[in-house]
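The values are calculated or read from the model by the stated rules, or taken from the named source; none is laboratory data. Remember, it's a predicted structure, so these values are computed and weren't measured experimentally. Please note: Cβ atoms are built from the backbone with ideal geometry, for glycine as well, and neighbour counts cover all protein chains shown. Note: accessible area is taken over every heavy atom of the protein model, side chains too, but ligands, DNA and RNA are not part of it. Shrake-Rupley method; radii C 1.70, N 1.55, O 1.52, S 1.80 Å.
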Amino acid sequence: MEILNQISEAIIKQSKPDVVRGLVKEALDAGLTAQQVLMDGLLAGMAVIGERFKNNEIYVPQVLVSARGMKAGSEMLKPLLASEGVKASGRVVIGTVKGDLHDIGKNLVSMMMEGKGLEVVDLGTDVPPEKFIQAAIDNNAQIICCSALLTTTMSEMKHVVEKAVEMGVRDRVTIMVGGAPVNENFCKSIGADIYTPDAASASDAAVAAIKARG
Ligand code: B1M
């Protein structure tokens with residue numbers, strides 16, 4: 001689909017947020033779903049940026065500009081993703097762990113969860129373990145979601161699990177973990193409850209976990 005390629009190209013070429021917004025609008029007006037625009041337009045472009053960053057073909061400033069375009073586009077999709085979803089009741093506290101400033105994946109998880117009708121309390125980035133736990137207590141949340149994109153920060157997730165034990169709420173919260181360097185084995189090794197590889201499976205797993213809690 002030509003318009004999806006144009007959206008992906010706009011992200012790759014670091015186009016201004018207004019350009020990305022215009023293309024997203026065009027795609028939606030043409031009848032594409034928010035999910036298609038997200039996956040095959042915005043995320044497809046961001047995947048190319050990730051590869052180029054990895055290969056030192058582009059640097060932090062360029063990645064930041066692409067990330068800004070991605071954010072502008074995905075914010076337009078947020079209400080649509082929500083209305084495409086199914087209502088479910090439950091509350092989730094989400095954040096990127098201490099020392100880590102990556103928030104694009106975390107924001108997607110958050111959006112998909114809202115799309116499933118969950119209430120999401122987003123703590124942002126660089127979130128210390130005690131803040132996750134205190135927010136879960138204050139908001140009476142059933143789930144804590146931790147995102148990490150760096151191998152140097154993923155170990156902070158273990159501290160979140162330990163803090164939940166220390167603050168006496170471990171049995172009251174399901175702790176979910178995710179992000180590029182995280183996997184199932186790591187999840188088990190730190191005593192967290194659920195690992196999912198992407199935003200869609202994270203939102204499904206959160207709904208299932210809340211249902212299982214009754
Ligand atoms: Co950074 N960065 N970055 N970066 N960055 C990575 C992660 C890296 C892999 C690039 C590379 O070298 N190949 C590398 C990490 C290496 C490692 O640790 N193994 C890296 C590095 C090294 C760094 C810095 C240290 C660079 C520097 O300063 N020298 C620095 C660290 C800053 C800090 O956090 N303290 C840094 C900075 C940045 C920017 C600020 C420039 C920018 C972030 C902007 C922002 O987030 N607002 C940035 C970006 C954009 C990236 C890449 C290019 C893209 C990340 C992204 O947003 N992907 C990334 C390379 C890459 O991933 N290929 C890279 C798109 C996003 C949708 O995917 O976040 O993986 P992701 O989320 C996925 C899943 O992982 C999952 O769902 C999402 C999709 O559905 N998911 C969850 C995420 N959280 C989940 C939680 C869940 C479940 C699923 O449950 C709770």
Review point. What helices (runs of 4 or more DSSP H), lying completely within the range 112-214, carry at least 2 residues that are among the aliphatic types (A, V, I, L, M)?
Key: 129-139, 156-166, 199-213
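In the set A44, A67, which member is more than 9 Å from the ligand (Cβ to nearest atom) and on the phi < 0 side of the Ramachandran plot? Working first, answer last.
Numbers: A67 fails: more than 9 Å from the ligand (Cβ to nearest atom).
Being more than 9 Å from the ligand (Cβ to nearest atom) and on the phi < 0 side of the Ramachandran plot holds for just one of A44, A67, which is A44.
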Check your understanding: Mind checking which residues of the range 112-124 are in contact with a helix residue (DSSP H, G or I) (Cβ under 7 Å, 6 or more places away or on another chain) and open to solvent by 50 Å² or more (accessible area, probe 1.4 Å)?
Key -> E114, K116, D122
Check your understanding: Which pairs have Cβ atoms under 7 Å, sit 6 or more apart or on different chains, and link a residue in the range 183-200 that is within 11 Å of the ligand (Cβ to nearest atom) to one that is aromatic (F, W, Y)?
Key -> N183/Y195; C187/Y195
**Study point:** Filtered residues of the range 161-204 (kept if over 20 Å from L150 (Cα atoms), open to solvent by less than 50 Å² (accessible area, probe 1.4 Å) and at pLDDT below 95)
**Key:** A200, S201, S203
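Check K106, K116 and return the single one that is under 20 Å from S201 (Cα atoms), at pLDDT below 95 and more than 12 Å from the chain's Cα centre (by Cα).
Details: K106 fails: more than 12 Å from the chain's Cα centre (by Cα).
Result: K116 is the single residue among K106, K116 that is under 20 Å from S201 (Cα atoms), at pLDDT below 95 and more than 12 Å from the chain's Cα centre (by Cα).
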Check your understanding: Of the residues that make up the range 76-90, is at least one assigned to a helix (DSSP H, G or I) and more than 30 Å from I210 (Cβ to Cβ)?
Key -> no
Review point. When you go through A148, A141, A136 one by one, which is the residue that is farther than 17 Å from I210 by Cα and surrounded by 17 or more Cβ atoms within 10 Å (Cβ to Cβ)?
Key: A148
Exercise for review: Could you please give the count of residues in the range 23-70 that are among the small types (G, A, S) and within 10 Å of I7 (Cβ to Cβ)?
Suggested key: 5
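Quick one: which residue in V63, V97, V109, V127 is open to solvent by less than 50 Å² (accessible area, probe 1.4 Å), assigned by TED's automatic domain parsing to the domain that holds E9 and touching a helix residue (DSSP H, G or I) at 6+ places or on another chain (Cβ under 9 Å)?
Selected residue: V63, the only one of V63, V97, V109, V127 that is open to solvent by less than 50 Å² (accessible area, probe 1.4 Å), assigned by TED's automatic domain parsing to the domain that holds E9 and touching a helix residue (DSSP H, G or I) at 6+ places or on another chain (Cβ under 9 Å).
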